[in-house]
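Below is one structure; the comments refer to it alone.
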Amino acid sequence: MKIGLLGAAGRAPRELTAVAARGTIMQSYPRRGSVFARTQVEFAIQHLNYLDIALTAAADGCDALVSNTFSDYGLAAMKTAVPIPVVGAAEATMRFAPSIGPRFSIVTIWPENTNYMPRTMLRDYGAETACARIRNVGTAEILAGDARPDLFIASMQRGAEAILSRIIEACNAAVREDDVDAIVLGCTCMSPIAARIAEACTLPVLNPLAIALKTAELQARLGLVASRRGQGVVPATALDLARKMVDSIATAPAEDCPVCAVAEAV
């Protein structure tokens, strides 16, 4: 089975290979246009970015696709455009969380002024009442680039003690104060340290990237794809137009995410 990791770069993260089914191969498909979703405008642009790479990955023979972002960019469009399962990290996790317990808190390294994205996911998946709180470890200074976010992310993925402690402190505060049953990590770039966070937390810690992978494996194994009831067939001209729109930004200077770098094996 071949799973495409949309928005990822480099080798499959080791924490995913550890939980993947025997015979599962993961291949990364990076974005062609690098735009960070500071606002709703860039958020909309990202939808086209992910549709573009989903079309590439599906044509490359993938059996299922996993969107390597907690913002599930373009998920509805991707499910309509390709004939294979497409799984969003936020969607899979919010659907799975009730099997652990009725309430959860989100702990994320993203700053508070980007909470419009997880709030959109909570609303889209009917999980607003289940989420007690979004706890932000990152700050606006990281978003502005003043705190060397590249080093922040790299250190976090290596489990640098100071950063790891801040994340664990936020998780433990959720345990004490939020009356929840589980902690959801609100960024897929936290995946490499998810196990260390879980070891230090008394409640289950849900790694959205791992949950999305297992959901994609299950859907591919059972031959299940998203329902297209009530939808027309997407015309090839529309897909061509979307890809041309991505072409227009693919050659622009890359804007690496100042908060969330795609996690390579660390």
- Query: Whole-Hz Karplus ³J(HN,Hα) for segment 217-230, in order, using 6.51 cos²θ - 1.76 cosθ + 1.60 and θ = phi - 60°, x for Gly and Pro?
  - Reply: 4, 4, 5, 5, 5, 8, x, 9, 10, 4, 5, 10, 4, x
- Label GLU128 and GLU177 with points 7 Å out from Cα along Cα→Cβ: what is the distance between them in nm? 2.3 nm
- Between ASP72 and residues 5 or more places away or on another chain, the pairs with built amide H atoms under 5 Å apart involve ALA89, ALA90
- Using a 10 Å cut-off on Cβ atoms, rank the peptides 85-95, 194-204 from the highest mean neighbour count down. 85-95, 194-204
- Could you pull out which residues in segment 6-38 have an amide N less than 18 Å from a spot 7 Å beyond the Cα of GLU199, following the Cα-Cβ vector? 14-19
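When a footprinting reagent is the concern and you count Cβ atoms within 10 Å, what order do THR251, THR188 take, fewest first?
Details: THR251 9, THR188 28.
Fewest to most other Cβ atoms nearby, the residues stand as THR251, THR188.
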- Per-residue ³J(HN,Hα) for segment 84-93, Karplus 6.51 cos²θ - 1.76 cosθ + 1.60, θ = phi - 60°, Hz, x for Gly and Pro: 10, x, 10, 10, x, 5, 5, 4, 4, 6
- Item | Cβ-derived FRET efficiency at R0 35 Å, ALA21 paired with GLN231, nearest 0.05 | 0.70
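Quick check: from the Cα gyration tensor, does segment 37-94 come out rounded (a/c under 1.5), prolate or oblate? Don't jump to the answer; show the numbers that get you there.
Working: a/c = 2.34, a/b = 1.43, b/c = 1.64.
Oblate.
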- Task: Work out, step by step, the length gained on full extension between ARG95 and MET1: first 0.36 nm times the residue separation, then minus their alpha carbon distance; give nm to one decimal.
- Result: 31.5 nm
- For a footprinting-style exposure proxy, rank ILE109, ILE45 by other Cβ within 10 Å, fewest first. ILE45, ILE109
- Message: Given N residues in the chain, what is its alpha carbon radius of gyration divided by 2.2 N^0.38 Å?
- Response: 0.96
- Note on the structure: Expressed in nanometres to one decimal, the distance between label points 7 Å along Cα→Cβ at ARG32 and ASN113 is 3.2 nm
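Read-outs: derived from the displayed coordinates by stated rules, not from any lab. All values derive from a computational prediction rather than experimental measurement. Note that each Cβ is placed from the backbone with ideal geometry, even for glycine, and that neighbours are counted across all protein chains shown.
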